[in-house]
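No lab work stands behind these numbers, since they all come straight from the coordinates. Note that the structure is predicted; figures quoted are calculated from it, not measured. When we count neighbours, we look across all protein chains shown, and the Cβ atoms used for this are built from the backbone with ideal geometry, even at glycine.
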Amino acid sequence: MAPPPPPTRRLRDAVARENIAELVDLQRRGLIKSKEFSGHHDFGPEDVQVVLFDVYSLDSFAACCAARKALPHAEFEGVTRSGCGENLNVEVRDKVIALLGVCWDYDDMRNLIENGAQVLVLQSEDTLSEPDKNDLIQLGTWIEVDPRLGAGVLAWEFFNKGDPVPLLLRAIEDSYLGRNVFKDGKAMEDGIDVLLEDVTDINAEVKALLRPVAYRDEIFTKFNHLLNDNQATRKRLQVIAEKGRERAAEIAADQARAAASCVVRVFRHFPAWKCNMVLMSSKFEGRVAEFLAQQLADRCAGDEGRCFGAVLEIANGVRVVLRSLEGGPDVSQIAGHFGGCGSATRAFFKAGSSTFLESNLEQPEVVLRDVSLDSSCLTLKPKDLVTVMVRDQHFRDSPLDDWSWGFKVGEPEKEGWFPTLSYSVYIAVRTEPSHGTGVKPVKEGDIVVGHLQRGKYIYGRRLPGGPIETPELKSWFPFAEDLFKRLHASSAAVALLDAGFFRMPEILA
């Protein structure tokens, strides 16, 4: 007798299971996912004794509240991403700790483990390097990262297994991930801060308690009412969407302000991607960055996959909010490089020094002479500014020439090759005698503008230490990597300005 066929695997339709089909865009409903957790770890949901959440993140707070429903006797505390266990008001030694929607750096996580803690991490984005994460997993840490779900939904699925995810958590997830699965997704995202009856700053409420968050605190009570009542949540979502629509004019005004002062730059460690960025303060920084990304993508038609937007705010350092369009650069890689976090389309980080801008962004270079070679090259004029993405490349047809690739500042859609010497100013870092007849000696501190390179020699002019009275004739100079260094873009601009370089047309020939 043949064995019976295996049971048909039932696909879990989260939208139908949660009865929210009329609220979502049917073409995008597949983005709403469920999660099943494996049970092969040394502890389970019921063993968690301490819950830590990010006081700056509504999604992380939602995860905390989802856990609270199943853990009435656990201790809860709001923390920051840069916090550490030594500053906690709850005892974590030898306890099972859940970090929901937040993960500390490797050293702080190791410190928890060395104090006997068993640690669970649930979040939507990877904030640890792969080696660090693997090491923590080897030490017994349970790390679940799922970019398809918000932290609130992850926590609900983990701590309340089998129960449909509340509408409230799905709405927060949609806003946090920026997926616009909900029909009023954009408006809800813009008005989400009025969710808890116009309580806009969870961090302020938590700190006002002057103690760990307790089971019956009002901030939990407000949230729990909506968590347990989908009908009340539906009404609240209408209020949120209406508030978001009311803010449309404010958002458009901030976007217009950004459009008037934005510039396109390149992060030095990510030279293939172009960033449309602005330095400003805005309550709608995410929406402004998203607008800048779209604006740049529209200009660079056919090359949208390399365009993203950023809003930078100077506040005790530099706070950077990144946005990318679907199919665009993975901005979480940039955020992760600078110690931040996020998803592929939205991320953020904070740099401690205001010098971040100059040291991590490619600065515009000034063009020194006409460049008009062929259709594969950029056409440039003296005083044009270029952003260099790749420099010092060599080609078989001209092995002695250095080439760079970049785009014209103000015209980021125009990219191409141009000679490296067309924008480079060099300074001698040591003295070098003449190599023979026709080659001039070089003194330490000499500044040279080259026109032609042939192997170990460069043909150009030496700039005087001050205004140019009579241009020095072009000459050959010895040229080597340990002899000349390229001046930084800002230093080169100052040197050329002091010399009055562009006021003498004959020097540009």
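Observations on the model:
- Given Lys243/Lys350; Lys408/Lys443; Lys414/Lys440; Lys414/Lys443; Lys350/Lys443, the pairs whose alpha carbons are separated by over 32 Å: Lys408/Lys443; Lys414/Lys440; Lys414/Lys443; Lys350/Lys443
- Whole-number Å³ per residue for the convex hull built on Cα positions in region 247-341: 98
- Computed magnitude of the charge dipole of region 86-168 (debye, nearest 20; Cβ of K, R +1, Cβ of D, E -1): 320
- Packing-based exposure ordering (other Cβ within 10 Å, fewest first) of Lys408, Lys33, Lys443: Lys443, Lys33, Lys408
- Full-extension gain in nm, Lys183 to Ala21, via 0.36 nm per residue minus C-alpha separation: 57.3 nm
- Stretch gain in nm, segment Val429-Asp107, where the contour uses 0.36 nm per residue and the Cα spacing is subtracted: 111.8 nm
- Each of Trp403, Trp104, Trp156 was scored by other Cβ atoms within 10 Å of its Cβ. Listed from fewest to most, they are Trp403, Trp104, Trp156.
- Where only alpha carbons of the chain are counted, the Rg and the Dmax (Å): 28.9, 105
- Over the C-alpha atoms of region 327-484, the Rg to Rh ratio, Rh being the Kirkwood estimate, stands at 1.06.
- Dipole magnitude of the chain, debye to nearest 20 (Cβ charges: Lys/Arg +1, Asp/Glu -1, about Cα centre): 1000
- Percent RCO, i.e. relative contact order, over the chain, from Cα pairs under 8 Å lying at least 6 residues apart: 8
- Checking every one of the GluC sites (Glu not before Pro) in region 323-420 against DSSP loop status and a limit of 16 other Cβ atoms within 10 Å picks out Glu326.
- Exposure proxy for Thr355, Thr80, Thr387: other Cβ atoms within 10 Å of each Cβ, ordered fewest to most, give Thr355, Thr80, Thr387.
- Computed per residue of the chain from DSSP H runs no shorter than four, each worth -39500 (n - 2.57), the mean residue ellipticity at 222 nm is -8500 deg cm²/dmol.
- Relative contact order (percent, whole number), region 424-508, Cα cutoff 8 Å, 6+ residue spacing: 31
- Across region 11-144, Cα pairs under 8 Å and at least six residues apart give a relative contact order of 20 percent.
- Among Ser57, Thr141, Phe291 - extreme Cα towards positive end, dipole of the chain, charges at beta-carbon: Phe291
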